[in-house]
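The values are calculated or read from the model by the stated rules, or taken from the named source; none is laboratory data. Quick caveat, the model's predicted, so the values are computed rather than measured. Positions of Cβ are generated from backbone atoms using ideal geometry, with glycine treated the same way; all protein chains shown enter the neighbour counts. To get the accessible areas, we keep the full protein, side chains included, count just its heavy atoms, and leave off ligands, DNA and RNA. Shrake-Rupley method; radii C 1.70, N 1.55, O 1.52, S 1.80 Å.
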Amino acid sequence: MDLSLNEDQLAVEGAIEKLAEQFGSSPVDFHGFALVSDDLDRELEEGGYFDIATIPEMGALSAAVSVERLARLPYTAEVALSMLVRPHLDMELPRPFGVIEQGRPGRFVATAKTLIIIDDDKVGIAHPTADQVEAIPDSLFAYPMGRLTESLEVKYLPDDVASTVKTWMRVALAAEMAGLMQAALDSIVEHVSVRKQFGRPLGVFQALRHRLAECAVLTGGVRWLALKAAWSGDAGDAALAALHAQDSATRLVYDMHQLSGAMGMTLEMDLHLWTYRMKALMSELGGRGGQAQVVAAACFE
Amino acid sequence: MNFDWNTEQKAYRESIRTFIRETLPENWEHIAHGPASREQTAFARDFCGKLSQAGLLVPHWPTEWGGRAADPWEAFILAEEMWMAGEPRGGQYMNVNWIGPILMLFGTELQKQTHILPMARGETLWCQGFSEPESGSDLASLRTRAVKDGDSYKINGQKIWTSYAGDADTCFLLARTSEGKNGISIFLVPMNTPGITVRDIPSIIGEGDIHEVFFDDVEVHEKWRLGEEGQAWEIIGQVLSLERVGIPRFSLASKTLRDTVALLKQEGRFIGAAVDQAAKAHAACEAARWYSYFIIDKRAKNIQAGPEASVGRFSTVICERLVSEFVVEHVPEAISGVHPMLLAHHQRGIVAGIASGAAEIQLNIIATQFLELPREAR
Ligand SMILES: Cc1cc2nc3c(=O)[nH]c(=O)nc-3n(C[C@H](O)[C@H](O)[C@H](O)COP(=O)(O)OP(=O)(O)OC[C@H]3O[C@@H](n4cnc5c(N)ncnc54)[C@H](O)[C@@H]3O)c2cc1C
């Protein structure tokens, strides 16, 4: 047992931190839903970061730590699936990735070169052409959402590969959620420290302090479960992490908006960038009920 | 990072399991009800002696005090296995976790010589005299008074909720020697000292667990004061941080959940809402486990865990609650004693958010020290 990063992993963490700092604040004139950064995507690509999971000294754990950190940014890019799912497939698949589950609109679909298609228990891969997909610019979800305009030719994967894809999607989801939760929490801690009502900062009121403290506990738990699952690659660990992430996110999303008052409803505050990404991830892979089924099968003999 | 145990740690855990299997009597699950029943406490004296002979009572203590300086991981593995088995060490777990280590740090030569080796041999039971009727979470307001009289102190006052007091040999007592937080001192008081009266408090957590302890003109020589006058707050700060993740509650909670699911499966009842609830409870147990391991990892690397210990503690409270609720809803007969080990868990689980510092106090610590939220001017 050793819960510190090794030297290589620390080096990656440091490099990602440096990179992240450049994208740490949103442009003042941004009042939209999906804040996408092509520069971030390019820098990650050029730095070879999408392949760190395949380097033994770093592994999926390093990728998960990176995904968590980058998810805390107001900017988004297609990071989690490329860093955590793609390296675990025995085929060359072009990125960026997108997901279509049960035919619904999905994140990064309009720009994806590879789509993961989930239809009930089946998982497939498709490579859409530009006219087979379209963007949904007005979706509240703070990812660039897109949908299919026609049905695609899907190559369905054998069961074992399908379950590998789902396992790593769950790890990716949990790692991303951990970062989103942390960012939302940080932003509200700052908000209640500054915003005064009744002559004092909101953060002195115990009713709010306890809710924030509970959210911090949940966030810490999601992060550890995500890292454990990234380390083991186990289907049960991944489902546990995704379940805890989706479950905790329901609490975080509600509380963080509640504690920011009307300001949290505006596009001026960055809060929705994290909370609506969480909302987008809450339904993935069947939502909590879907993860629970996998936990039940994998974790209780 | 490595989320697995190494070969030695696995072998160590296995040796503890073997010891437990070979040592616990067949009717153990009937003894193991409640955290501190008379029967269990009596059993613990015998059991701890055997543990000590097997080198499994205080492995993490220094060699001069009967240990072999094992690392914090081994101490925690041992604690997990003991708690999972229904804590056959009874109240002696406190000696192992914090009373011994605190005496090593702050005790005089006489205090160490008198008390530490009997602990290492598993011969002695202590109780913790902190809480009072008017001082629970607000421990610093305690009123039990120790007044200097020549080279002794006269102690008057009352303690409450004192576990193990009925059978304890010695009390780790907090009493006031002057005003304020820094006016509290620690005394190591033999429980057979004249003037001490102990009364059982009937409770839902099992017979013989919690007590009232009255001190009427109890005379204690100053050589049994631990540390300086007024040093208690500083010393118990260390006790509390050791205790926050001292009991690996997630281990028994997790086992209880697995056992309950196994029962439901046998009866074809592991379906629907039970699946969702069990999965959620399992995730909470694992979150508590890994957060606790994170703190032990720090301890193993000599990094002081700060307010994270409270995060770990609160995670544990959540998992205990979810598992208890799961059992009550799906196997209610456990509460009527049909499944003794599930009942034993229930009686331990329900105190998780209260004993050794209430859950809300952990949230206060997290808010102030971990999130660094602004505080009301005091
Ligand atoms: C099984 C068991 C064994 C115990 N064994 C021992 C023992 O051996 N020795 C010993 O000394 N004590 C022991 N205790 C006592 C334990 O330490 C106290 O119960 C605990 O410190 C809480 O104090 P209280 O019960 O007086 O609750 P209170 O302090 O009255 O608290 C009641 C509620 O109010 C909340 N509350 C209190 N203050 C605040 C605040 N500032 N902000 C928000 N909420 C607050 C608490 O969180 C709790 O929810 C034991 C308790 C139990 C249940």
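Once Lys and Arg get +1 and Asp and Glu get -1 on their Cβ, which of B:HIS346, B:PHE250, B:ILE295 lies farthest toward the positive end of the dipole of the stretch B:248-377? Sorting the options by dipole projection puts first B:ILE295. Between A:GLN206, A:GLN291, A:GLN182, the GNM of chain A built on Cα springs shorter than 10 angstrom shows A:GLN206 fluctuating the most.
Which value in Å does the Kirkwood hydrodynamic radius of chain A take, with 1/r averaged over all unlike C-alpha pairs and then inverted?
On the way: mean 1/r = 0.0512 Å⁻¹.
Answer for chain A: a Kirkwood hydrodynamic radius of 19.5 Å.
Using a probe of 1.4 Å on the protein chains alone, the accessible area found for A:ASP160 is around 100 Å². Toward the positive end of the charge dipole of the protein assembly as shown, with +1 on the Cβ of Lys and Arg and -1 on the Cβ of Asp and Glu, the farthest Cα among B:THR368, A:LEU252, A:ALA280 is that of B:THR368.
Net charge dipole, the protein assembly as shown: roughly 1220 debye, given to the nearest 20, about the Cα centre with Cβ charges of +1 for Lys and Arg and -1 for Asp and Glu. For the stretch A:151-166, putting each phi into the Karplus relation 6.51 cos²θ - 1.76 cosθ + 1.60 with θ = phi - 60° gives couplings of 6, 9, 7, 10, 9, 6, 9, x, 3, 5, 5, 4, 6, 4, 4, 5 Hz, in residue order, rounded to whole numbers and with x for Gly and Pro. Of the residues making up the stretch B:321-370, those losing 40 Å² or more of accessible area when the isolated chain is joined by the remaining protein chains, with a 1.4 Å probe, are B:LEU363, B:ASN364.
Each label point was placed 7 Å from the Cα along the Cα-to-Cβ direction; for B:ASN192 and B:ARG375 their separation is 4.5 nm. With viscosity 0.890 mPa s and temperature 25 °C, the Kirkwood radius over alpha carbon pairs of the stretch B:127-232 converts through Stokes-Einstein to a diffusion coefficient of 180 µm²/s. Calculated accessible area for chain A comes out at 40 Å² per residue, all protein chains present (probe 1.4 Å; ligands, DNA, RNA ignored).
When the protein assembly as shown is described by a simple charge dipole with +1 on each Lys and Arg Cβ and -1 on each Asp and Glu Cβ, the residue from B:LEU51, B:THR108, B:CYS319 located farthest towards its positive end is B:THR108.
Buried accessible surface for the B/A chain pair comes to about 4000 Å², total over both chains, computed with a 1.4 Å probe.
Taking only DSSP H segments of four or more residues, each worth -39500 (n - 2.57), what value at 222 nm results for chain B once the sum is divided by all its residues, to the nearest 500 deg cm²/dmol?
On the way: 12 runs with 168 residues, N = 378.
Calculated mean residue ellipticity at 222 nm is -14500 deg cm²/dmol.
With contacts taken as Cα pairs under 8 Å and at least 6 residues apart, the stretch B:248-377 reaches a relative contact order of 30 percent. Dimensions of the stretch B:1-104 along the principal axes, based on C-alpha atoms and rounded to the nearest Å, stand at 40, 32, 23, largest first. Using the alpha-carbon atoms, what tilt in degrees (0 to 90, nearest 10) does helix A:59-71 show relative to the longest principal axis of chain A? Computed tilt is about 40 degrees. Here is the list for the stretch B:137-235: trypsin sites (Lys or Arg not before Pro) lying in DSSP coil, each with at most 15 other C-beta atoms within 10 angstrom of its C-beta, are B:ARG143. Maximal additional length on extending the A:GLU268-A:ARG195 stretch stands at 24.7 nm, based on 0.36 nm per residue less the C-alpha distance.
Mind grabbing the base-10 log of I(q)/I(0) for the stretch A:160-299 at q = 0.17, 0.19, 0.22 Å⁻¹? Debye formula, identical points on the C-alpha positions, no solvent, two decimal places. Summing over Cα pairs of the stretch A:160-299 leads to -0.84, -0.98, -1.20.
What size of dipole, in debye to the nearest 20, comes out for chain B about its Cα centre when the only charges are +1 on Lys and Arg C-beta atoms and -1 on Asp and Glu C-beta atoms? Mind dumping the intermediate values first?
Working: 37 positive and 49 negative charges, 117 e Å.
So the dipole magnitude of chain B works out to roughly 560 debye.
Using alpha carbon centroids, what distance separates the stretch B:154-196 and the stretch B:98-122, in Å? Value for the Cα centre distance between the two parts: 17 Å. Annotation: amide H-H contacts under 5 Å for A:VAL133 (H modelled 1.01 Å from N, sequence separation of 5 or more, or interchain): A:THR149. Compared with the dominant Cα axis of chain A, that is its longest principal axis, helix A:206-232 is turned about 20°.
Note on A:MET265: accessible area is roughly 140 Å² with a 1.4 Å probe, heavy atoms of protein only. Comparing the full protein assembly with the isolated chain, the residues of the stretch A:264-301 losing at least 10 square angstrom of accessible surface (1.4 Å probe) are A:GLY289, A:ALA292, A:GLN293, A:VAL295, A:ALA296, A:CYS299, A:PHE300, A:GLU301. For the protein assembly as shown, with all protein chains in place and a probe radius of 1.4 Å, 50% of the accessible heavy-atom surface sits on carbon or sulfur. Note on B:MET1: accessible area approximately 30 square angstrom, rounded to 10, probe 1.4 Å, nucleic acids and ligands left out.
Placing +1 on the Cβ of every Lys and Arg and -1 on the Cβ of every Asp and Glu, with nothing else charged, gives chain A a dipole about its Cα centre of roughly 1260 debye. What separates the Cα centres of the stretch A:193-237 and the stretch B:306-378 is a distance of 16 Å.
Across the protein assembly as shown, Cα-Cα pairs farther apart than 44 Å form 29% of the total.
Order A:TRP231, B:TRP161, B:TRP290, B:TRP224 by their accessible area, 1.4 angstrom probe, all chains in place, largest first.
Values: A:TRP231 95, B:TRP161 135, B:TRP290 10, B:TRP224 50 Å².
The residues order as B:TRP161, A:TRP231, B:TRP224, B:TRP290, largest area first.
Here the spin labels are modelled as points 7 Å beyond Cα on the Cα-Cβ line, and at A:ILE136 and A:ASP159 they lie 3.3 nm apart. Spacing of the modelled spin labels on B:SER15 and A:LYS113, each 7 Å from Cα toward Cβ, amounts to 5.6 nm.
For chain B, the solvent-accessible area with a 1.4 angstrom probe is 40 square angstrom per residue.
A loss of 10 Å² or more of accessible area (1.4 Å probe, protein heavy atoms, ligands and nucleic acids excluded) relative to the isolated chain is seen in these residues of the stretch B:51-91: B:TRP73.
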